[in-house]
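Below is one structure, written out as structure tokens, with a few remarks after it.
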Amino acid sequence: MTPYAALQAAVHYKNLGLDVLLIFDNVVEHADKEKLVYSSTNQPYSPIHIIKEIFNCSGYFGNEKGSLTSCLIVDTNKILDG
């Protein structure tokens, strides 16, 4: 669950008033591995969950100090190949 830990660390530094750049590499591979974990525990899975969390926390909110910029790197060949 590395993206979740990285996101929480980035939010922490943003809340301290710093400008943070968070780069996620290979988001599709993480989603595939997360799906395996959820299916092995018979839990419902939403592949959009971590991506939605990243975008909800990203941005500059004028009334707060600090900002969080997120960059998602996706291997489109893996998506197209299935």
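Can you name every one of the helices (runs of 4 or more DSSP H) wholly within the chain that holds 3 or more residues which are at pLDDT 80 or above?
Working: elements: 2-15, 27-40, 49-57, 76-81.
Because the criterion is at least 3 residues that are at pLDDT 80 or above, the helices (runs of 4 or more DSSP H) in the chain that meet it are 2-15, 27-40, 49-57.
Kindly evaluate residue 35 against the criterion of being surrounded by 13 or more Cβ atoms within 10 Å (Cβ to Cβ) and in contact (Cβ under 8 Å) with a residue 24 or more places away in the chain.
Details: surrounded by 13 or more Cβ atoms within 10 Å (Cβ to Cβ): yes; in contact (Cβ under 8 Å) with a residue 24 or more places away in the chain: no.
No, not satisfied.
Between residues in the stretch 1-18 that are surrounded by 11 or more Cβ atoms within 10 Å (Cβ to Cβ) and residues that are polar (S, T, N, Q) and outside any helix (DSSP H, G or I), which pairs lie under 7 Å by C-beta distance while being six or more apart or on different chains?
14/67
The values are calculated or read from the model by the stated rules, or taken from the named source; none is laboratory data. Quick caveat: nothing in here was measured; it's all calculated off a predicted structure. Ideal geometry is used to build each Cβ from the backbone, glycine not excepted, and the neighbour counts take in all protein chains shown.
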